[in-house]
Amino acid sequence: MTEASTAKIPDVITYDPEAARRALPFDPFDPDFHADPFPYHRKTREESGRAFRTPGGIVAVYGYEEAAAVMKDPRFGWGVNPMVADQFVENPASGESGRILMFMDPPDHTRIRGLVSKAFTPKMIADLRPKAARYAEELLDRALVESPDGRVDLQQVLSRPLPAGVLSDMMDIPEHYHPLFFANTMESGRGLDPGFTLTDEQKTGRNGARDVFINAGIEMVAARREAPGDDLISELARAEQEGDRLSEWELAMLLMNLLAAGFGATAALIGNQVYNLLSHPAQFAWLRANPDRVPAAVEELLRYDSTLAMVTRTALEDADVAGIPVRAGEYVTVMMAAANRDPAAFDDPERLDITREQTRNLGFGHGIHFCVAAPIARLIGQEALAALIRRDVRLDESRRVERWPGISLRVIGELPVVLGPVGDADPV
């Protein structure tokens with residue numbers, strides 16, 4: 001690892017609501033924005049343009065092509081600054097600190113990503129599909145046994161346990177870790193928000209949640225080094241490229257990244273796509289009649305409501321964004337949720353249309369930071385939908401859909417639905 005990725009954590013950005021409101025192109029503390037940010041994004045793009053500088057000096061990017069250009073431009077990355085330092089993780093035992101994969105720049109990022117790709121083989125991913133399909137059906141069947149009236153929180157009975165089951169099979173994760181991971185995904189995911197939007201208490205919760213994942217990673221790495229198996233962790237431990245392997249600490253940080261994303265972000269993806277599909281009953285009915293369109297539907301649902309709503313980049317050298325000069329060290333905020341509804345890139349972008357032929361989106365990022373586990377998350381999302389459309393499912397209007405208040409990830413906390421058995425649906 002380079003000096004930048006092993007340095008002690010420098011001073012971090014502190015909580016400052018007024019600075020946050022000036023820096024960001026929206027009010028990060030507005031509950032109405034958390035509930036439905038898209039009208040705000042549309043109004044901002046119409047009034048301010050596809051890219052502009054906020055009063056706080058950050059360049060905000062709202063256009064699809066402009067967002068994609070920033071995310072694949074090597075002049076933009078993370079750099080060494082308080083914003084990224086706030087995302088360092090620390091080894092609770094040794095005090096060693098570093099970045100997880102998603103916050104690395106080349107050459108560290110290139111090296112770690114190359115080693116990871118050695119373990120994420122197409123065969124491994126293909127072997128997961130029948131297991132994910134079986135788990136999804138079993139979870140829904142069990143939910144009906146435990147709640148015969150069909151009134152369930154879909155996040156609790158499917159969206160969270162399905163990725164957990166698939167990841168546990170893929171990584172051989174002991175079940176006693178599951179409750180810990182479920183209990184800490186919200187705090188860990190909320191920690192992706194800029195530091196100036198988080199109170200000291202929220203940062204303490206974020207760091208404690210990350211400690212849970214990093215400690216589990218350290219324990220599982222040690223166990224797998226001692227007794228290797230036929231699982232992803234063992235494959236990552238064995239992965240080698242030109243004589244180079246992941247160190248114990250690098251592997252533990254990578255597992256923290258995969259575990260937090262798998263137990264959190266993938267569950268959020270399922271919840272968002274199901275909520276939006278059930279909010280458009282005609283779309284749900286069409287998909288029931290055309291189950292072969294599930295993969296394309298997942299892509300349209302990702303476009304319509306991106307789980308990863310925004311990311312921050314730092315100019316590593318002087319550059320420009322859509323003609324706006326950006327000096328080295330300045331920040332750029334890429335608004336994927338807005339870019340995915342850019343009318344210059346999509347016809348009628350505010351409309352959910354799972355028959356749409358345009359399936360591109362920035363839901364998993366773009367460029368070198370495109371999500372390494374995207375094929376697995378897509379697979380899980382597809383099998384969750386495939387299982388649900390075989391049943392009658394509708395939103396439970398007697399209960400409220402609860403959203404968590406983060407701004408980087410869009411996460412539904414509770415998704416009340418009324419679930420029926422297989423085949424129990426009105427004819428299309």
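Below is a table of values for the structure above.
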quantity: Residue list for the stretch 67-80, filter: more than 20 Å from the chain's Cα centre (by Cα) and surrounded by 23 or more Cβ atoms within 10 Å (Cβ to Cβ); calculated: 76
quantity: Unmet criterion (only one of (1) touching a helix residue (DSSP H, G or I) at 6+ places or on another chain (Cβ under 8 Å); (2) acidic (Asp, Glu); (3) not in a helix (DSSP H, G or I)) for residue 230; calculated: (1)
quantity: Of all residues in the stretch 317-359 being outside any loop (DSSP other than H, G, I, E, B) and among the β-branched types (Val, Ile, Thr), the one that is surrounded by the most Cβ atoms within 10 Å (Cβ to Cβ); calculated: 334
quantity: Residue selected from the stretch 165-182 under the condition of a type in the set (Phe, Trp, Tyr) and under 19 Å from the mean Cα position of the chain (by Cα), by the criterion nearest to residue 214 (Cα to Cα); calculated: 181
quantity: Candidates 94, 168, 188, 117 - the one that is within 23 Å of residue 253 (Cα to Cα), in a loop (DSSP other than H, G, I, E, B) and of a type in the set (Ser, Thr, Tyr); calculated: 94
quantity: Condition check for residue 119: at pLDDT below 95, surrounded by 14 or more Cβ atoms within 10 Å (Cβ to Cβ) and over 30 Å from residue 330 (Cβ atoms); calculated: yes
quantity: Considering residues of the stretch 387-428 that are small (Gly, Ala, Ser) and surrounded by 20 or more Cβ atoms within 10 Å (Cβ to Cβ) only, the residue modelled with the highest pLDDT; calculated: 387
quantity: Pick from the stretch 122-138, criterion crowded, with 19+ Cβ neighbours inside 10 Å and aliphatic (A, V, I, L, M), ranking: modelled with the lowest pLDDT; calculated: 128
quantity: Residue identified as hydrophobic (A, V, I, L, M, F, W, C), touching a Ser or Thr at 6+ places or on another chain (Cβ under 6 Å) and buried (at least 18 other Cβ atoms within 10 Å of the Cβ) among 373, 377; calculated: 377
quantity: Any hit, the stretch 263-277, residues being outside any loop (DSSP other than H, G, I, E, B), surrounded by fewer than 20 Cβ atoms within 10 Å (Cβ to Cβ) and at pLDDT 95 or above; calculated: yes
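The values are calculated or read from the model by the stated rules, or taken from the named source; none is laboratory data. If you're wondering where the values come from, they're calculated on a predicted model, not measured in any experiment. Every residue, glycine as well, gets a Cβ built from its backbone with ideal geometry; the counts of neighbours run over all protein chains shown.
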